[in-house]
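First up is the structure itself, then whatever we jot down about it.
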Amino acid sequence: MSQVSMQSEPLDLKPLDEILSEYAGRTGTLITILQRAQEIYGYLPPEVLLHIAERGDIPLSQIYGVVTFYSQFYLTRRGKHIIRQCDGTACHVRGAGKIVDVVEHELNIVDGETTPDYKYSFEVVYCLGSCGLSPVAVIDDTVYGRLSPEKMAQMLKEMH
Amino acid sequence: MNTVTLTIDGKTITVPAGTTVLNAAKKLGIHIPIFCYHGELEPIGACRMCLVEIEKMPKLAISCATVASEGMVVYTRTEKVLKAQKGMLEFLLINHPLDCPVCDKGGECELQDNTFSFGPAASRFDDLKRRYVKRDLNEVIRLDMNRCIMCRRCVRTCADLHGEGVLGVVERGFRSEIDMFKGGETECTYCGDCIEACPVGALTSIPFRFKARVWELKKTDSVCAYCADGCRMTLETREQEILRVRDRLTPGEYLSTEHLCSKGHFGFDYVNKPERLRTPLLRKNGQLVPVSWEEAFEYAAKELKRIKEVQGGKSIGILASPRLGTEDLFLAKKLAGDILETPNLDHLLTPLGTFEDDSFQRLAAHPAKLEDIEVAQAIVVIGTDISQSNPLARLRIIRSSYRNIGKVITLYPHDMGLKGYVSHELKPRFGSEPSAVGFGLTRALTETAPVNAEIKSRLNNTLEQVSQETGIDAPFFLEAAKTLAGAERRVILFGREVLSHPQRNEYLKAIENLVTLLNSLENGITRVSWLPEYNNSRGAYDLGIKPGEKGLAFNGMMEAATRGELKALYVIGENPMVRGYCPEEIKASLGKLDFLMVQDLFLTETAQLAHLVLPATSFAEKDSTYVAGDGLAQKLTPAFSPKEDARADWYILAGLAQAMGTDWGLISPADIMTLAAKEIPGFQMIDNSKLGRDGLYLDYPTPEKLPTQWQEIHKYTPLVPLTDNRFDVIIENNLFHSGSLSRYATVLNKLSGAAYVQISRMDAKRLNLSEGQKVTLSTARGRFSLPLKIRKHQGAGTLIVPSNFTEVPIFNLFSKEETRHQVELIAG
């Protein structure tokens, strides 16, 4: 079961209200609403899900089902930087596993986790569609190809 | 009707167009195995168990979702079909644990049965099975995901049948799980129907867990003894203990079309309680001591005779409970009339007893059947939180709305828990409901429909006035009126808060006017129904358990007792110390009686004051008849014999009569019904032998149009809303409790164990109050504190307090004379 984390400080739900008003009365818009909500808050805290459920008269369990169904949605707060390292077939044979080790060692987190200071989130993914550049990682929407463990370590240092 | 003819396994059958192959086969008596199919819900074709071979179709088809067509030739038992079904079962068993010997579902498990009939004897998969930790979803539902076969019957039952949507599927693919989202406002109502829907042992009942193997249980058809919805159920018992209650099944079916709420499923265990009274108790030297029935009868007869001879029959009163069986109530009436010769007979229709109101008599005269709700195009619910008071009537409303048959109009200051199923939600300010019905909806009808010109001329208010009084904008009234006017069948339901409203008379007149106006329309039939509170409230009403000529209602009896005019009171199954206003005053009145006799299951607050206490039997030990709110008389069958010396109420009443010298010659409840059929109009048809499994409707004359009359509502003004920290208090039965009996049910106490006061979110914000905070309710008569519950959709300026908690003397705060219950709310 996915973990739901409670946000400590109150969220500003105004921007969410604007989105909900935009889609009010239209069916089949849940995924879009969730995507846009996640753009605002970085993830989907329970308050946001509750608010969407309440305003849209959608059972919370259904929203929860959709959120857990798609890997694009997150129920826990994520880091400022998101590092996605590919470990698909091509990247794997060219040593992506070692790069994963470097990230896990440097940041002291494993696949799917976020550092306690909410600076980094790390995910291992399977194929980013750029096998020609393998091994590949995507850091904050920028693609980095032909990586090596050393290069990754260097990049992490520079990001600090 | 269009029909199609098809052939299944060589047998030809003609079915209405739109019938599925599965249902056509069922009609032929051909069994097709299923898991995800649920007759009351849309088929989803998730389990692939119901595969059949259809000629000219390239692949096997799922019979649950394939509609029969003309000339279709179907085979349900070909090699191809059997191989596919065997394969499906083998797949399901990859992960399903073979823990049947310790599984509660063993013996009634659809996977077990289907595997036995259709499955492979051995599996070819020897990998590890997936493993989840078993966990409790809440106090009554335990989830063992290892056993789940993802048929989603529970999820669909919760969302589409009950309109709750608490259960959902999370994650995806082979990681899919059933789960509940916690922390939201959508909370489980603990109806337990997901447990009933589960074909395997994935969802099991915590109270029943590991109590018994299902095949050792004796099954007895019964009827729920809580609210007036008359839900049919099956008691599963071992010796003298109820272990489980289930929706009543049609023999041979796995799934029932009958449903129960939390009270029905989990509220039975008071029957098993050791605190039950087992012998008569007589007060000797100030102490209640066990005595024999002979001594009890002798003492009661002696006292009653003495009082009757000295002070006359009028100095004796009987208070009977609407929870009693029809037979019991009839004999109570007979005892009052024939033997005690007293007109003082009553039941607690309101905390003050019954009341006289012509509009009410007419509106309650011909109840709409609950089935009528499902075929009505417009359903109006007035003055009750139907999700709390009549959960199964609510289910029928949802069913109608789910099938796009009916549009729902609600008129109530608070939320009714009908969620997205309401088309027109009219929320008048508390105290202005009569205006919303009698002037708002009616006026809107005159503007949208061709109503009787004479009636129209009498309504000279404007919608603007009503809008101001009620806080509902005119277009809402007009839209609702349009729906009402356009409907062919209309059902109007009104509930307990109409009867307890400060302006009850005007409220009832307003409803009668609405009905009269609808009846004046040329099109459509209007049915109106009072939603009574208790299992046999309707029976008590129809039998006339009310004061006779110059007789006293309950409140009058208490006053007479205080004055010393009433000398004896016989309380049957009722607990006025908890259910009436000002318990202290009632206690003082009861204390003045020469003889107080109480007949009950437990030593209740009232019984503790009695001179003589008689132990009665519960619904599970009784051969009796209940009349549901819609007039359906249904029979109860005893599941086991009474505990020790407890006796059925009718038996005690007949014994008492005999002790007083009148032998009614009754040997069974059937004799009583024969007698009642002769004496009470409407009961002619109700012969025990004819009642059968499904019951019979009482014989109400049901004219096309009700004989309602236009009522002038004179000098009416809505209540002035309260301001600042003053609130109107609404005292209600919450979903988990009903009267004070349910307080003896362990599981219900777990679900709703402590009293609370409910406030609207708006008011909470205004007064800066938070959930769970202690607040004090204060009046001139007293004060007490309660934790706060905040609800989003509650009417402003109101507090809702459940009436079921004896430790909360809510009835102490108000005098009997006050109709409007105002309190001051203080934080802390």
Report task. State all residues of region A:58-74 that are facing chain B (nearest Cβ under 7 Å), open to solvent by less than 60 Å² (accessible area, probe 1.4 Å) and modelled with pLDDT of 90 or more; if no residue qualifies, say none. Result -> A:TYR64, A:GLY65, A:THR68
Query raised in the report: Looking only at region B:17-31, which residues are open to solvent by 10 Å² or more (accessible area, probe 1.4 Å) and not charged (D, E, K, R)?
Result: B:ALA17, B:GLY18, B:THR19, B:THR20, B:LEU22, B:ASN23, B:LEU28, B:GLY29, B:ILE30, B:HIS31
Report task. Output the number of the condition that B:LYS635 fails; it satisfies all remaining conditions of (1) in a helix (DSSP H, G or I); (2) in contact with a strand residue (DSSP E or B) (Cβ under 7 Å, 6 or more places away or on another chain). Result -> (1)
Query raised in the report: Listed residues B:VAL170, B:VAL200, B:VAL223; which is open to solvent by less than 50 Å² (accessible area, probe 1.4 Å), in contact with a strand residue (DSSP E or B) (Cβ under 8 Å, 6 or more places away or on another chain), farther than 30 Å from B:GLY325 by Cβ and not acidic (Asp, Glu)?
Result: B:VAL170
Report summary line: Counting only residues in region B:265-291 that are free of Cβ contacts under 8 Å to residues at least 60 places away in the same chain and not aliphatic (A, V, I, L, M), the one surrounded by the most Cβ atoms within 10 Å (Cβ to Cβ) is identified as B:ASN272
Query raised in the report: Quick one: would you say B:ILE54 is touching a strand residue (DSSP E or B) at 6+ places or on another chain (Cβ under 8 Å) and open to solvent by less than 50 Å² (accessible area, probe 1.4 Å)?
Result: yes
Requested in this report: Considering only residues that are part of a helix (DSSP H, G or I) and out of contact with any strand residue (DSSP E or B) (no Cβ under 8 Å at 6 or more places or on another chain), look in region B:338-369 and name the one that is farthest from B:SER529 (Cα to Cα).
Outcome: B:ILE339
**Report entry** Hits in region B:131-160 - residues which are touching a residue at least 40 places away in the same chain (Cβ under 8 Å), within 28 Å of B:LEU392 (Cα to Cα) and within 13 Å of chain A (Cβ to nearest Cβ)
**Finding:** B:LEU137, B:LEU143, B:MET150, B:ARG152, B:CYS154, B:ARG156, B:THR157, B:ASP160
Report task. Return a yes/no flag: does region B:173-188 have any residue that is open to solvent by 10 Å² or more (accessible area, probe 1.4 Å), within 14 Å of another protein chain (Cβ to nearest Cβ) and in contact with a Phe, Trp or Tyr (Cβ under 7 Å, 6 or more places away or on another chain). Result -> yes
Query raised in the report: Under 7 Å by Cβ, and 6 or more places apart or on different chains, what pairs join a residue from region B:87-102 that is over 13 Å from B:LYS129 (Cβ atoms) with one that is open to solvent by 40 Å² or more (accessible area, probe 1.4 Å) and of a type in the set (S, T, N, Q)?
Result: B:GLU90/B:SER123; B:CYS100/B:GLN112
Query raised in the report: Across region A:128-154, what is the number of residues that are surrounded by 15 or more Cβ atoms within 10 Å (Cβ to Cβ) and of a type outside the set (Gly, Ala, Ser)?
Result: 12
Query raised in the report: Which condition does B:GLU425 not pass, out of (1) surrounded by 24 or more Cβ atoms within 10 Å (Cβ to Cβ); (2) modelled with pLDDT of 90 or more, if it passes all the others?
Result: (1)
Report task. Taking B:LEU593 as the residue in question, decide whether it is at pLDDT 95 or above, crowded, with 19+ Cβ neighbours inside 10 Å and not in a strand (DSSP E or B). Result -> yes
Requested in this report: Kindly indicate whether any position in region A:87-107 is touching a residue at least 24 places away in the same chain (Cβ under 8 Å), within 13 Å of chain B (Cβ to nearest Cβ) and either more than 17 Å from the chain's Cα centre (by Cα) or within 24 Å of B:ASP160 (Cα to Cα) (or both).
Outcome: no
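Run down A:ARG77, A:ARG55 and say which single residue is of a type in the set (Lys, Arg), surrounded by fewer than 18 Cβ atoms within 10 Å (Cβ to Cβ) and part of a helix (DSSP H, G or I). I'd like the intermediate steps shown before the answer.
On the way: A:ARG77 fails: part of a helix (DSSP H, G or I).
Sole residue among the options that is of a type in the set (Lys, Arg), surrounded by fewer than 18 Cβ atoms within 10 Å (Cβ to Cβ) and part of a helix (DSSP H, G or I): A:ARG55.
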Requested in this report: Working only within region B:79-136, note down all residues that are within 21 Å of B:GLU177 (Cβ to Cβ) and of a type in the set (D, E, K, R).
Outcome: B:ASP99, B:ASP104, B:LYS105, B:GLU110, B:ASP127, B:LYS129, B:ARG130, B:ARG131, B:LYS134, B:ARG135, B:ASP136
Query raised in the report: So which residues in region B:70-129 are under 39 Å from the mean Cα position of the chain (by Cα), β-branched (Val, Ile, Thr) and crowded, with 19+ Cβ neighbours inside 10 Å, if there are any at all?
Result: B:THR115
Requested in this report: Go through the residues of region B:428-438 one by one and say whether even a single one is more than 28 Å from B:GLN822 (Cβ to Cβ), of a type outside the set (A, V, I, L, M, F, W, C) and either open to solvent by 40 Å² or more (accessible area, probe 1.4 Å) or at pLDDT 95 or above (or both).
Outcome: no
Requested in this report: May I ask you to say which residue of B:GLY163, B:GLY192 is within 13 Å of chain A (Cβ to nearest Cβ) and either crowded, with 21+ Cβ neighbours inside 10 Å or of a type in the set (S, T, N, Q) (or both)?
Outcome: B:GLY163
Query raised in the report: Quick one: is B:ASN513 surrounded by fewer than 24 Cβ atoms within 10 Å (Cβ to Cβ), within 29 Å of the chain's Cα centre (by Cα) and in the same structural domain as B:SER423 (by TED's automatic domain parsing)?
Result: no
Report summary line: When (1) more than 11 Å from chain B (Cβ to nearest Cβ); (2) crowded, with 17+ Cβ neighbours inside 10 Å; (3) free of Cβ contacts under 8 Å to residues at least 24 places away in the same chain are applied to A:VAL110, the one that fails is (2)
Query raised in the report: Hey, does region B:220-237 have a residue that's within 14 Å of chain A (Cβ to nearest Cβ) and among the polar types (S, T, N, Q)?
Result: no
Report summary line: The condition from (1) of a type in the set (A, V, I, L, M, F, W, C); (2) touching a Lys or Arg at 6+ places or on another chain (Cβ under 9 Å); (3) farther than 26 Å from A:LEU75 by Cβ that A:CYS131 misses is numbered (2)
Report summary line: Taking region B:576-590 and keeping only residues that are out of contact with any Lys or Arg (no Cβ under 9 Å at 6 or more places or on another chain) and either among the hydrophobic types (A, V, I, L, M, F, W, C) or crowded, with 24+ Cβ neighbours inside 10 Å (or both), one is left with B:PRO576, B:ILE586, B:ALA588, B:LEU590
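So is B:ALA121 closer than 14 Å to B:CYS47 by Cα and either hydrophobic (A, V, I, L, M, F, W, C) or in the same structural domain as B:GLU187 (by TED's automatic domain parsing) (or both) or not?
Criteria not met by B:ALA121.
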Query raised in the report: Any idea how many residues of region B:653-686 are under 25 Å from the mean Cα position of the chain (by Cα) and over 20 Å from B:ASP338 (Cα atoms)?
Result: 3
Query raised in the report: Is there a residue in region B:35-47 that is without any contact (Cβ under 8 Å) to a residue 40 or more places away in the chain and in contact with a helix residue (DSSP H, G or I) (Cβ under 7 Å, 6 or more places away or on another chain)?
Result: yes
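The values are calculated or read from the model by the stated rules, or taken from the named source; none is laboratory data. Source: prediction; values computed, not measured. As a convention, Cβ positions derive from the backbone with ideal geometry for all residues, glycine included, and neighbour counts pool all protein chains shown. The area values use the complete protein model at the heavy-atom level, side chains included, leaving out ligands, DNA and RNA. Shrake-Rupley method; radii C 1.70, N 1.55, O 1.52, S 1.80 Å.
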